[in-house]
């Protein structure tokens with residue numbers, strides 16, 4: 001065999017090896033660029049946290065979130081970030097699939113279809129070690145998905161004990177060192193989800209927050225009336241927020257001590273807004289706006305703030321896949337915002353679409369919303385004038401409002417809005433972020449409303465939203481009812497998650 005033949009054989013062998021490597025990447029096997037370590041991903045989530053509670057987002061209660069505020073100064077803060085569904089599990093399935101619920105099949109407390117690629121399967125096939133702490137069922141997109149390491153709420157002091165989070169994080173990082181694998185790690189706090197931390201009535205296993213607040217300490221958001229009972233419950237909520245911040249600080253401590261900090265992309269969000277009326281389980285600004293923070297050493301400039309671009313939960317998976325150097329999803333409703341993390345601009349981020357289909361207990365209350373920095377339009381497909389809305393987030397706040405409504409006409413009107421809504425709502429979000437003044441019938445906003453109705457229709461067509469027929473027939477009662485039946489059938493037959501949390 002001549003030298004020429006040997007060289008040719010070596011060339012073909014290398015070419016074949018390269019082809020196999022490319023095929024492996026196409027099958028989601030990990031192939032890191034030369035001279036670059038695989039990127040670790042740490043995703044930390046809060047449960048039912050109002051964005052405006054954080055000091056870095058202008059929170060009025062000073063010093064409530066010192067660890068998160070410090071973290072924000074080390075990375076990037078997104079002012080116009082949203083989740084797409086303001087309910088725990090549906091929100092997290094969007095994050096884990098890159099698809100809206102009507103495309104993944106998760107239109108409520110249910111898993112995505114088995115044919116939908118998920119964050120767990122994709123990163124596992126890429127050679128990553130996958131871990132989750134807290135909110136395990138809600139954070140597992142498909143029944144078929146299996147985490148390599150998981151710690152249930154019951155093992156975490158009801159998901160409310162910072163020291164246990166610290167210990168379990170250290171255990172996970174030690175596993176990664178032992179296995180010599182990069183990691184994808186989702187750490188979920190159960191704070192500040194109800195039950196809030198009430199003085200003298202601790203949740204079993206939960207730690208005491210590093211600070212306790214009083215009713216007179218707390219600010220009341222503009223979408224709630226300033227009543228004694230509302231203030232009291234918000235003080236309990238702030239206790240839980242403080243413990244969330246304590247937990248976040250311990251997670252960051254464990255990461256730093258692990259030695260992985262410099263090669264780890266860390267993101268923090270809340271899965272939806274605070275669990276009070278007009279926030280969680282709705283489509284208002286306070287429902288879906290989330291405190292999205294990102295730190296990536298060597299890539300993100302510390303102290304960066306993006307006040308321009310809208311990002312949302314459906315963009316999360318495309319972004320971390322691109323950041324890790326992995327292929328795009330075969331189908332995705334979102335778009336990677338990696339350019340934004342690198343300080344660039346990105347077209348097509350002028351608005352956001354959010355939705356509700358089924359809430360806890362499988363109650364069907366379909367809503368759709370489109371909003372930008374100026375206005376927001378909401379379609380309440382369920383609102384008939386007779387259907388009465390309620391959810392599991394009302395607590396002392398709603399009880400206080402209903403009691404005050406007996407003698408206060410303004411609060412009575414507000415309670416009526418919450419319970420029955422109207423078919424459509426339109427708000428000037430620049431001047432009315434609390435969504436108090438519905439402009440749907442104001443002739444001065446006709447042009448703006450028409451533009452948003454067109455946006456909604458185009459988005460529903462583009463994403464194959466099963467609620468489209470109901471939307472297009474919203475002014476015809478029979479057509480609306482038929483459209484609702486069509487949409488509800490489209491969301492049935494998917495495997496629901498057990499009620500146990």
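The values are calculated or read from the model by the stated rules, or taken from the named source; none is laboratory data. Remember, it's a predicted structure, so these values are computed and weren't measured experimentally. Don't worry about glycine lacking a Cβ; one is built from the backbone with ideal geometry, like all the others, and counts go over all protein chains shown.
Right, residue 109: within 14 Å of the chain's Cα centre (by Cα) and surrounded by fewer than 24 Cβ atoms within 10 Å (Cβ to Cβ) or not?
No.
Out of curiosity, is residue 367 in contact with a strand residue (DSSP E or B) (Cβ under 6 Å, 6 or more places away or on another chain) and surrounded by fewer than 17 Cβ atoms within 10 Å (Cβ to Cβ)?
no
Could you please let me know if residue 411 is out of contact with any helix residue (DSSP H, G or I) (no Cβ under 8 Å at 6 or more places or on another chain) and crowded, with 17+ Cβ neighbours inside 10 Å?
no
For the stretch 209-232, what are the residues that are closer than 16 Å to residue 63 by Cβ and part of a loop (DSSP other than H, G, I, E, B)?
Across the stretch 209-232, the qualifying residues are 209, 210, 211, 212, 213, 214, 218, 219.
Between residues in the stretch 449-478 that are within 20 Å of residue 365 (Cβ to Cβ) and residues that are part of a helix (DSSP H, G or I) and modelled with pLDDT under 95, which pairs lie under 6 Å by C-beta distance while being six or more apart or on different chains?
466/487; 466/490; 467/487; 469/486; 470/487
Quick check on the stretch 315-339: of everything there that is in contact with a helix residue (DSSP H, G or I) (Cβ under 9 Å, 6 or more places away or on another chain) and without any contact (Cβ under 8 Å) to a residue 60 or more places away in the chain, which residue is surrounded by the fewest Cβ atoms within 10 Å (Cβ to Cβ)?
Residue satisfying both the conditions and the ranking: 328.
Within the stretch 76-122, work out how many residues are in contact (Cβ under 8 Å) with a residue 12 or more places away in the chain and in a loop (DSSP other than H, G, I, E, B).
22
Has the stretch 194-213 got at least one residue that is assigned by TED's automatic domain parsing to the domain that holds residue 126, within 26 Å of the chain's Cα centre (by Cα) and closer than 30 Å to residue 37 by Cβ?
No.
Just to be sure, is residue 436 within 24 Å of residue 107 (Cβ to Cβ) and in contact (Cβ under 8 Å) with a residue 60 or more places away in the chain?
In short, no.
If a residue has to be out of contact with any strand residue (DSSP E or B) (no Cβ under 7 Å at 6 or more places or on another chain) and either without any contact (Cβ under 8 Å) to a residue 60 or more places away in the chain or assigned to a loop (DSSP other than H, G, I, E, B) (or both) to count, how many in the stretch 286-314 make the cut?
Qualifying residue count, the stretch 286-314: 9.
Would you say residue 154 is assigned to a helix (DSSP H, G or I), under 17 Å from the mean Cα position of the chain (by Cα) and in the same structural domain as residue 296 (by TED's automatic domain parsing)?
So residue 154 fails the test.
Is it the case that some residue within the stretch 479-496 is at pLDDT 95 or above and either outside any helix (DSSP H, G or I) or closer than 20 Å to residue 279 by Cα (or both)?
no
Would you mind stating whether residue 151 is surrounded by fewer than 24 Cβ atoms within 10 Å (Cβ to Cβ) and in contact with a strand residue (DSSP E or B) (Cβ under 7 Å, 6 or more places away or on another chain)?
In short, yes.
Determine whether the stretch 233-256 contains at least one residue that is surrounded by 16 or more Cβ atoms within 10 Å (Cβ to Cβ), more than 26 Å from the chain's Cα centre (by Cα) and not in a loop (DSSP other than H, G, I, E, B).
No: the stretch 233-256 contains no residue that is surrounded by 16 or more Cβ atoms within 10 Å (Cβ to Cβ), more than 26 Å from the chain's Cα centre (by Cα) and not in a loop (DSSP other than H, G, I, E, B).
Among the residues of the stretch 68-75, is any over 21 Å from residue 464 (Cβ atoms), assigned to a loop (DSSP other than H, G, I, E, B) and at pLDDT 95 or above?
Within the stretch 68-75 (the criterion being over 21 Å from residue 464 (Cβ atoms), assigned to a loop (DSSP other than H, G, I, E, B) and at pLDDT 95 or above), the answer is yes, since at least one residue qualifies.
Residues in the stretch 257-277 that are assigned to a loop (DSSP other than H, G, I, E, B) and buried (at least 24 other Cβ atoms within 10 Å of the Cβ): how many?
Adding up the residues that qualify gives 7.
List the number of the failed condition for residue 435; all other conditions in (1) modelled with pLDDT under 95; (2) farther than 14 Å from residue 366 by Cβ hold.
Against the list (1) modelled with pLDDT under 95; (2) farther than 14 Å from residue 366 by Cβ, residue 435 comes up short only on (1).
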